[in-house]
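Okay, so here's the structure we're looking at.
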Amino acid sequence: MKRILLLVSSILVSVFSIAQSCNSLRYQDTIFHQVTVSTFKFGTATPYGLLAQPQDLYLDFYQPTGDTLSKRPLIVFQFGGGFTIGWRSEPDIPGFCNYFAKCGYAVASIDYRIGLNPLDTNSTVRAYYRGVQDERSAIRYLCQRAPQFKFDTSLIVLTGTSAGCFCAFANAFTSDAERPASSFGSFLEPDDLGCLDCSGNTDFAQHIPHIKAIVNQWGAIMDTSFIDASENTPVISFHGDQDILVPYTFGYPFSLPVFPQVYGSASIHPRLTNVGIKNVLHPLVGFGHEPELLSPQLNDTIYNYTRPFLYDLLKPVTSAITGDTTVCAGTTATYSVVNTTGSKYCWSITGNGTVISNNNHSIAVLWNDTGLVSVTVKELNYILAVGEERNFQTQVIPHAQSNFSFITNELEVSFTNLSAAADNYEWNFGDNTFSADTNPSPKSYLGGGTYEATLVATNNFCVDTFSASFTIDSCPVASITYQLNSHNAFFYTPVTNTVSYFWNFGDGDSASVASPNVFHQYPQNGEYLITVTVENQLGCKEIDTLTISVDVATSVNDLKNDVAFAQTIDGFLFAIKGSSICQVEVFDVTGRKMDEQKLVANSQLSTANYSRGMYLLKITNGGQVLINKFIKQ
């Protein structure tokens, strides 16, 4: 019993897992409890200062402990500090990195070179440019080792605070063609800092991939004209409207003219909107620069707005479901979405139906009952982000049911339509004639036989076919004619579609034969009522009656005087007087003629090939007829 319970539990868990396989809270909440942090050197570069030695640059890499996902989004955090102070683990950077790692992201907090001449505008711009280079160097290092760090190079999010977000905007929206002039050298700092990707390392072919998004925390951009539609990087911005260190709208950082004027979040937002790039601005009303340090509750505000903003960029956009809007009960309908490589699709149905096949991005459903039903799908992509539910409704209508009954009357057949849930009909009567009537008029066939009639019933969506076979024939004709010679009578009725003939001779004797003619010998003169009943293969009968008078004529005796015959073992010997010519016919008891000859003088008729039984011998001479029965032994 314990083994059975364990098996049932295992099955239930398996079914539940399948049902829940597309329900993931990753990136939407802190689903991991622990974070592993590792430190890596990502580059070496010359810092500010004429006598400065090359500086090794490091990053702290945060990832969910025990996470097995091989491709995750990556958030790169760059600290603030006016390019003069700061470090990669300053407050409150570890809190941010740990939080988003617990949500399922890979997060890197990076070093960059700091230092500048506060009296030289060119020096401040060069410090900013070095920060841009170092962030790119960190990104290249990580991308070169993406399988090791388990992230997707197409899903890189840049963030930071203050100066760190200056660099984020530059790396998303500027190119080497837009390098500041001072980066090529200035009066006090004549050295050329090199291209954007010419510092720190030469990883990843010295370029960085497209940036997926920016989480801007009180950052700014040198010039909003750098932003154009082709550089489609969505931005979510948080900025205190009382910030005097990095202008909320436009002005000098720190309110000092030694720094170049910059455009803050309130100016970046309309520029992004005007060129069609997704963005949202959350003004922190009444707050100044780095407000989270004195008001930690703002971290929750930033987290709670950032999570859904990024999730909208990560989740799959499932295509609309395609399928039939109307189907027939008892039939199978197929539903599908566009298949995205690496995605898993979880389907569910409402209504009485059975999923008979599931090919991930398509399913086939057998609908059993009528009514409005629906199909729903969720998509789980390769980074375990879940898309919005897609729903598709179908009207299941009754299936057309074709059926009919029929009544035959000789060659005429009356059909009655018994179909259900149908409004269009096609009749095929089996003789190359057709009808579209609901109940066709009685159908007359040209001849007897076996026919198969077919009715196709439809209701514009459902088709059903019913066929039935039947055999018809006209009733046979009964009409007695006869010949009477002496006490012997030869009866005949027309040959029609008859399979049996039943004769009643009126003298207590009868015969059931398969032939339309029959002989009968009456024992004596008198009047007799003759009845014949003819029947076809379908049991249709017809009866005819006739009264005859048997009166032996003297002419028969004359014939006996002219013709003498004697039966032998194998035939008859005839003696015919004078030059008379006699016609001799032999019939079996069914009236079938066995032989016919013309005889003169002394003749012989052979019966050697006859089977044993009774036969009738008919001798005709002029107008006289003599009929005798004989037995072939």
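Order the peptides 51-64, 583-596 from the highest to the lowest mean number of other Cβ atoms within 10 Å of their residues. All intermediate terms of the calculation are to be shown ahead of the outcome.
On the way: 51-64: 17.4, 583-596: 15.8.
Order by mean packing, descending: 51-64, 583-596.
Give me the distance between the Cα centres of the range 240-275 and the range 349-373, rounded to whole Å.
Cα centroid of the range 240-275 versus Cα centroid of the range 349-373: 56 Å apart.
What is the local net charge at D228, summed over the other residues whose Cβ is closer than 15 Å to its Cβ (Lys, Arg +1; Asp, Glu -1)?
Numbers: positive: R271, K278; negative: E178, D223, E231.
Summing Lys and Arg as +1 and Asp and Glu as -1 gives -1.
Report, to the nearest 10°, how far helix 121-144 tilts away from the longest principal axis of the Cα atoms in the chain, using its own Cα long axis and a range of 0 to 90°.
40 degrees
For the range 24-314, give me the percentage of DSSP beta bridges that are antiparallel, rounded to the nearest 5 percent. Can you show the working numbers first?
On the way: 18 of 41 bridges.
Percentage antiparallel, nearest 5: 45.
Taking the Cα centre of the range 135-272 as the origin and placing charges on Cβ (Lys, Arg +1; Asp, Glu -1), which of L272, T174, T153 is farthest toward the positive end of the dipole?
Checking the options against the dipole of the range 135-272, the answer is T153.
Using alpha carbons only, how many angstrom separate the centre of the range 448-471 from the centre of the range 197-213?
Cα centres, the range 448-471 to the range 197-213: 74 Å.
If you line up the long axis of helix 297-314 against the longest principal axis of the chain, both from Cα atoms, how many degrees apart are they, to the nearest 10?
40 degrees
Run lengths n ≥ 4 of DSSP H only: what is the helix-derived mean residue ellipticity at 222 nm for the chain, with -39500 (n - 2.57) per run over all residues, to the nearest 500? Present the calculation step by step, with values, prior to reporting the outcome.
Values: 8 runs with 104 residues, N = 633.
Taken over the chain, the calculation gives -5000 deg cm²/dmol.
How many nm separate the modelled label positions at L529 and Y610, each set 7 Å beyond the Cα in the direction of the Cβ?
3.5 nm
Which of C165, V246, P494 sits farthest toward the positive end of the charge dipole of the chain, with +1 on the Cβ of Lys and Arg and -1 on the Cβ of Asp and Glu?
The listed residue farthest towards the positive side: C165.
Shape call for the range 326-397 from the C-alpha gyration tensor, a ≥ b ≥ c root eigenvalues: rounded (a/c under 1.5), prolate (a/b greater than b/c) or oblate?
Details: a/c = 2.95, a/b = 2.18, b/c = 1.35.
Here the range 326-397 falls in the prolate category.
Subtract the Cα-Cα distance of S255 and D191 from 0.36 nm times their separation in residues, and report this length gain in nm to one decimal. Display every interim value, and only then the final one.
Values: separation 64, 0.36 × 64 = 23.04 nm, distance 2.83 nm.
Stretched out fully, the S255 to D191 stretch lengthens by 20.2 nm.
Under the rule a/c < 1.5 gives rounded, and otherwise a/b versus b/c splits prolate from oblate, where does the range 422-573 land using the Cα gyration tensor?
Prolate is the answer for the range 422-573, as a/c is 1.5 or above and a/b outweighs b/c.
Taking 22 Å as the cut-off for C-alpha to C-alpha distance, list the pairs among K541/K618; K212/K278; K150/K278; K41/K102; K71/K278; K41/K315 that go past it. Could the numbers behind the result be given before it?
On the way: K541/K618 31 Å; K212/K278 11 Å; K150/K278 27 Å; K41/K102 24 Å; K71/K278 24 Å; K41/K315 32 Å.
Too far apart for the 22 Å limit: K541/K618; K150/K278; K41/K102; K71/K278; K41/K315.
Within the range 374-388, what residues put their amide N at less than 14 Å from the label point 7 Å along the Cα-to-Cβ vector of N358?
It comes to 376-380, nothing else.
Taking all pairs of distinct Cα atoms, average 1/r, flip it, and tell me the Kirkwood hydrodynamic radius of the range 404-472 in Å to one decimal place. Working shown, then result.
On the way: mean 1/r = 0.0815 Å⁻¹.
When all Cα pairs of the range 404-472 are included, the Kirkwood radius is 12.3 Å.
All of the numbers you see were taken from the coordinates with simple rules; none came from a lab. This structure is a prediction, so every number in the text was calculated from the model and none was measured. When we count neighbours, we look across all protein chains shown, and the Cβ atoms used for this are built from the backbone with ideal geometry, even at glycine.
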